[in-house]
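Structure first, then comments.
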Amino acid sequence: MVTTLFRYGLLREGIDRFGADRFLFGSDYPICTPPVFIGGVLYDPLITEDERELILAGNAKRLLGL
């Protein structure tokens, strides 16, 4: 499980404060390796499947009208 990337619980706190519908996935590429950050969202046990879907794709689709 990747926990140090998000300072365990920090993403959960952000979702609780602002809502999962306000987060977009970003990798900081080319400085950071995207798979590491994707894993940080995919395997965080504090994030629900619905929240993951919003963060990794749903919010971007909504904003882009896709």
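Taken together, the values in this text are just the output of simple stated rules run on the coordinates, not laboratory data. Just so it is clear, the model here is predicted, and its values are computed rather than measured.
Calculated [222 nm] ellipticity per residue, helices only, for the chain: -11000 deg cm²/dmol; basis is -39500 (n - 2.57) per DSSP H run with n ≥ 4, divided by all residues, nearest 500. For the pair residue 33 and residue 53 in one chain, pulling the backbone fully straight at 0.36 nm per residue adds 5.2 nm over the alpha carbon distance. Remark on the chain: ratio of C-alpha radius of gyration to 2.2 N^0.38 Å is 1.07.
Length gained on full extension, residue 62 to residue 17, computed as 0.36 nm times the residue gap minus the Cα-Cα distance: 14.1 nm.
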